[in-house]
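The block underneath contains the structure these notes are about, expressed in structure tokens.
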Amino acid sequence: MLRDIQSRIYFITPAETTDSKQIFGLVQAAVRSGVGMIQYRAKNQPTRTMVEEAKALLKITRPAQVPLIINDRVDVALAVGADGVHVGQQDMAPNDARRLMGPHAIVGVTAPELTAAREAEHAAASYISCGPIFASPTKPEKPPLGVEKLQRLQQAVSVPVCAIGGINEETIVDLADVTPTLVAVGSAISQADDPAAAARDLVALAAEAIPHISFGP
């Protein structure tokens, strides 16, 4: 399913935001600007609100053929018929997420270390998320892994890899020699004065800096 995405920019909504209109506006701007995938994160919303918001987001993403991924919550992803789910190290195990979501869903897995990355690969993860690559304003407590560690992880697994953490218009060019399949961005779009313009610029920069890879299966 990743082979069909429109660009390698993967927009992650701000997890702490409880303003539905803001989330919808950001996703609409990102989709119109050519991002390849959207991840809906909501750390402070009750389950019912998450389901309602995710259903509304699908009305934006599905007509544009942009996959909507739900962060952490396999139950919400199943309830709304989302395109996939992303699970972290403290969430549902990747093999359980895959079993519940089915063979055709996108299942992303946070796996910054090689052992976890290989386990995710064996569990049929659609992609592995590695980061933070650079210092991240969203997770300042985590030291950056750096581009070299991202490259070593990519060389050790065959599953597509998503670079995440501190990626913006300045740092994205540093990924040119590493060629990650996906480039996850959050605040570079959501905190921009003009989110649509920021998304367009990142899509263009990614296409220019990382142009010579296929998205894979």
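Nothing in this text is a laboratory measurement; each read-out follows from the coordinates by a stated rule. Predicted model, so just to flag it, every value in this text is computed and none were measured. A quick note on method: Cβ atoms are made from the backbone with ideal geometry, for glycine too, and the neighbour counts reach across all protein chains shown.
State whether the stretch 70-190 is rounded, prolate or oblate according to the following rule on the C-alpha gyration tensor (a ≥ b ≥ c being the square roots of its eigenvalues): a/c under 1.5 gives rounded; otherwise a/b larger than b/c gives prolate, and the remaining case gives oblate.
Working: a/c = 1.96, a/b = 1.46, b/c = 1.34.
Prolate shape, in that a/c is at least 1.5 and a/b is the bigger ratio.
Would you order Glu148, Glu141 from fewest to most other beta-carbon atoms within 10 Å of each residue's own beta-carbon?
Values: Glu148 10, Glu141 5.
Least to most surrounded, the residues fall as Glu141, Glu148.
Just the Kirkwood number for the stretch 2-209, please: inverse of mean 1/r across all distinct Cα pairs, in Å, one decimal.
Details: mean 1/r = 0.0596 Å⁻¹.
Roughly 16.8 Å, rounded to one decimal.
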Worksheet item: Å³ per residue of the Cα convex hull, for the stretch 128-175?
Response: 69 Å³
Practice prompt. With only Lys, Arg, Asp and Glu charged, each at its Cβ (+1 for the first two, -1 for the last two), find how big the charge dipole of the chain is about the Cα centre; round to the nearest 20 debye.
Written response: 560 debye
Practice prompt. At a Cα cut-off below 25 Å, give the lysines reachable from Lys43, other chains included and same-chain residues fewer than 8 away excluded.
Written response: Lys21, Lys55, Lys59, Lys139, Lys142
Worksheet item: Does the stretch 129-208 classify as rounded, prolate or oblate by the C-alpha gyration tensor (a ≥ b ≥ c root eigenvalues; a/c under 1.5 gives rounded; else a/b over b/c gives prolate, otherwise oblate)?
Response: oblate
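Order these by the 10 Å Cβ neighbour count, fewest first: Thr49, Thr171. Mind dumping the intermediate values first?
Values: Thr49 13, Thr171 19.
By the 10 Å Cβ count, ascending, the order reads Thr49, Thr171.
State the extension gain, in nm to one decimal, for the chain segment bounded by Gln6 and Asp174, taking 0.36 nm per residue of separation less the distance between their alpha-carbons.
On the way: separation 168, 0.36 × 168 = 60.48 nm, distance 2.16 nm.
Contour length minus the Cα-Cα distance gives 58.3 nm.
Would you mind putting 32-40, 173-181 in packing order, based on average other-beta-carbon counts within 10 Å, highest first? Working shown, then result.
Numbers: 32-40: 23.1, 173-181: 17.8.
Per-residue Cβ counts within 10 Å, averaged per peptide and sorted highest first, yield 32-40, 173-181.
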